[in-house]
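What follows draws every value from the coordinates through simple rules; no lab data is involved. These numbers come from a predicted model, not from an experiment. Ideal geometry is used to build each Cβ from the backbone, glycine not excepted, and the neighbour counts take in all protein chains shown.
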């Protein structure tokens, strides 16, 4: 390899290291934050559910995307208004103060649900007049 090849390789390696460093540093912190918040998500959503009283809440898991400052927790709710899967979106997870909003997701985007649960979700969505696509605030608590 000639000098130009070595210089381009070194520049490319430096770019990868510099570009990946913020991700490598913040990802474990955000993932840990979501692991701490995941058990609390049911309480947050139950307190401000637009579907009526929450009778049961099952944690379906979490996702920590590569973008800094956010993460998602998925919940299966059995409510007075029917079955729903909610995605809780956390923002500012690398700060001491964060926000969390929730939005209903369709059966096709709901992780780890059975066909039976998917059918109950569709019945609940139809009974409520459609999917609740407008996010609502769950933390800090709405006034």
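If the Kirkwood radius is taken over C-alpha pairs of segment 68-121, then at 4 °C and 1.567 mPa s the Stokes-Einstein diffusion coefficient equals 107 µm²/s.
For segment 35-139, rounded, prolate or oblate, judged on the Cα gyration tensor with a ≥ b ≥ c (square roots of eigenvalues), a/c < 1.5 rounded, else prolate if a/b > b/c? The shape class here is prolate. Among 116, 38, sorting on how many other beta-carbon atoms sit within 10 Å of each Cβ, with the fewest leading, yields 116, 38.
Remark: relative contact order (segment 35-139) = 24 percent; criterion is Cα-Cα distance under 8 angstrom and separation of 6 or more residues.
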